[in-house]
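The values are calculated or read from the model by the stated rules, or taken from the named source; none is laboratory data. This one's a predicted model, so the numbers in the text were calculated from it and none came from an experiment. FYI the Cβ positions are ideal-geometry reconstructions off the backbone, even for glycines, and counts take in every protein chain you see. Remember, those area values only see protein heavy atoms, side chains included, never the ligands or the DNA or RNA. Shrake-Rupley method; radii C 1.70, N 1.55, O 1.52, S 1.80 Å.
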Amino acid sequence: MKSKVKWGLYFFLLVAFVFTTPVYAYIDPATTTYVIQIVTAIVITLSVTIGVFFTKLRLSLLTYYARFSGFMIRFFSGNKEKKPSVQTRIPPETDRYPSSGESHSQRFGQSFRERLFLSASVGGAFSFTFVLFGIYEIFILNIHSFIFPFKLIFWPVVLTSLVIFFILSGLCLLLRGRFFDNSISLLFGVVLAGYVQGNFLNRGLGALTGDQIDWSARSGSFVINTIIWIAIMAIPLILMRKKRKAWSFTVKALSGLLIVVQSISMIALRKPSFVPLSQQDKYLSTQGIYEVSDQRNIIVIVLDRLDNRYIQCVKEDDPHFFDRLDGFTQFTDNMSLYSQTFPSVANMFSGRLHLFERPQSEYLRDVWSNSAFLPRLRDDRFAVRLYMEQGYTFDKASDLAKIAENIAESQIKIHRIPAIGQFLRLTAFRYAPLGAKPFFWTSTDRFSQLVSMEAVSSQPPYITNDLYFYEQLKEQKLRRGTQEKQFIYLHLQGPHAPYVMNERAEPVPSEKSGSTIQTKGSFHIVYEYLDQLKRLGLYKNSTIVITGDHGSRRDDISPLESAIVTGLFVKPAGRAGEPLAFNSAPVSSDNLRPFIYEQAGLPYASLGKTYFEVPQNAENARYLYHRLKKTDKNPSRLLIYEIKGDANRFENWTLIEDRVIEY
């Protein structure tokens, strides 16, 4: 093996080790199996090196043996002939790039076969890395963020990868001479730089939760990252000019190496623990989403990330905005036990703590399969309908078989062409240089909307899409169902980013919305729902809770810097036409379960106090569990805060435990 090729491989591996660091997100575009890839690359490189070494050693021994045998033959045969005094001098081989006066094809005999191999190698590495492997790895390692199985997009992904491969290879193959060499070098440089970027240079990108990333704070990183890209992309060009044979071998060898190591990673990922969650015949459908009981309704509407600060901002902008909540009481000091959707929703209806000591899927299966809270409502002839997305709220719809009425049997369809577009956008976000990433920014909600609203059964799956829900609510209207009593849990996006609506729940670009505007738009949807209840004459006798699954925090990698207080509005059955009341009692999501049972007429003393039973001057301690995801500096941790007094005042918060977690 040429020495420069060896140094090229060593440099590639060195860069991989030096810049190793992952980032984390709801959909993590930088989650990689780089350890598997690096180990595989090392094993392959060492195997080739050892193979070449022993091959050369064997040839050297054979050469020495032949020379020794010739000497012995001449010695014993008496052959005293001398070697010719004049030897033909063989000009040293040179493979530098030809001078401008020489034809490239004349100097090197650049054949169609050589161009074909180079084009296929680089085109294959490009399409395999950025399309097939890129999409597969992101999907599998973020499988809890998707509500459809990978098999629904597998063949479109393969086809897209092949199309890109043939287009790139074909275009390169049409070129000749310097144009061909420069094009191959630049394309190979993009492959190398993109691979290094996607695996090792995506530092601190934050979470793709829908929140916009502050790119303006990364100007210095943009410059450094651009310099790194230029340096990596220059390597093939320099090698081509200096040592063309080594360049040709390196391009083909490293292209093949990238494909091999990533193929091994794909095989390693294919194990039972990564079987797609949605690869099943059950899902939570929209069945009965616009139906209510004509006798008894308990309705819990969750606006994701409904924080007290958002509510206060709305009040400052419009002091009378919440006056339409007649019969409601606003609890101004309400706590969720967690700062994230998982495991907040599951805890809300089970009371079971999760300290991240076991896998997410295991906890969710245990909660929904074994918790008796909602099944007891069903035993009391309540039709329980849950409208929430799979992943952060439940593991498999089959776990809800004894709870929810709106479970449907069938396979989910997906819009394949938009899906491929979104996944290509996500992989581009991962592999693109830092300066280009703002153009490929995406969010989790876009992937939820890829699921077809026409499943095989008559009822489509429920997708968190507030604009669609509002549109259908106005079109279909609430109607009386056949159930005597009904419990409804409706999870909406609420004021959670990305910001997609205005105050009237109309779609607008993100730059024309914001947390305050979207909070108003979310309540505009809620008001439409409540108004339709009133028109049916069912508002007064309905129990209604409007809350959030958690409040708003800065991010998932930093300790809290301010209080997280979840918004809460409660209307017991029998109340209507009364002005919005206020209650400053220190309550939490633990008070939801006894309140629901109390409103359902079930015994609730063993569950604790209802919202209205907690004294406003109570001094009970409350707790919040804030999970920090792993960074390049810190392991994954769980911060436990104790709150004594008004939770809106951060001085009442005390960090009592900081533990390292495994999951």
Next item on the list: Express the carbon and sulfur contribution to the solvent-accessible surface of segment 304-409 as a percent, rounded to the nearest whole number, probe 1.4 angstrom.
Entry: 45 percent
Checklist line | Out-of-range pairs (alpha-carbon distance over 26 Å; input K402/K520; K485/K534; K396/K609; K437/K520) | finding: K402/K520; K396/K609; K437/K520
Check: What percentage of the solvent-accessible surface of segment 525-663, computed with a 1.4 Å probe over protein heavy atoms, is contributed by carbon and sulfur atoms?
Finding: 47 percent
Item checked: Distance-filtered residues of segment 220-249 - backbone nitrogen under 19 Å, label point 7 angstrom along S111 Cα→Cβ -> 244-249
Next item on the list: Assign one of three labels to segment 292-435, namely rounded, prolate or oblate, based on the Cα gyration tensor with a ≥ b ≥ c the square roots of its eigenvalues; rounded applies when a/c is under 1.5, prolate when it is not and a/b is larger than b/c, and oblate otherwise.
Entry: oblate
Next item on the list: Please compute P(r) over all alpha-carbon pairs of segment 534-663, binned at 5 Å starting from zero, and give each bin as a whole-number percent.
Entry: 2, 9, 15, 18, 16, 13, 11, 7, 5, 2, 1, 0
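Write down the accessible area per residue of segment 534-650 in Å², having rolled a 1.4 Å probe over the full set of protein chains.
For segment 534-650, the per-residue accessible area is 42 Å².
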Check: What order do Y489, Y499 take when sorted by accessible area (1.4 Å probe), most exposed first?
Finding: Y499, Y489
Next item on the list: Determine the order of K437, K609, K629, K534 by accessible area, beginning with the largest, at a probe radius of 1.4 Å.
Entry: K609, K534, K629, K437
Notebook entry, point to check: Once phi is turned into θ = phi - 60°, what whole-Hz ³J(HN,Hα) does the Karplus curve with 6.51, -1.76 and 1.60 give for every residue of segment 518-524, x standing for Gly and Pro?
Noted result: 5, 4, 4, x, 4, 6, 4
Notebook entry, point to check: If the limit is 29 Å between Cα atoms, which of K413/K629; K474/K540; K315/K571; K315/K474; K252/K630 go over it?
Noted result: K413/K629; K252/K630
Note to self: Quick check for you: which residues of segment 631-653 have the amide N under 16 Å from the point 7 Å beyond the Cα of L353 toward its beta carbon?
What the structure shows: 638-644
Next item on the list: May I ask you to rank R113, R553, R178 by accessible area, largest first, using a 1.4 Å probe over the protein chains only?
Entry: R113, R178, R553
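Roll a 1.4 Å probe over the protein chains and send me the accessible area per residue for segment 317-451 in Å².
34 Å²
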Note to self: Given points 7 Å out from each Cα along the Cα-Cβ axis, report the L467 to L173 separation in nanometres with one decimal.
What the structure shows: 4.3 nm
Next item on the list: Go ahead and collect, in residue order, the members of segment 532-553 whose backbone nitrogen is under 16 Å from a label point 7 Å along the Cα-Cβ direction of A576.
Entry: 532-545
Checklist line | Whole-angstrom gap from segment 494-548 to segment 144-169, using each part's C-alpha centre | finding: 37 Å
Notebook entry, point to check: At what distance in nm do the modelled label points of W441 and I640 sit from each other, each positioned 7 Å from its Cα along Cα→Cβ?
Noted result: 3.7 nm
Next item on the list: Using a Förster distance of 51 angstrom, determine the FRET efficiency expected from the C-beta separation of R381 and I656, and round it to 0.05.
Entry: 0.75
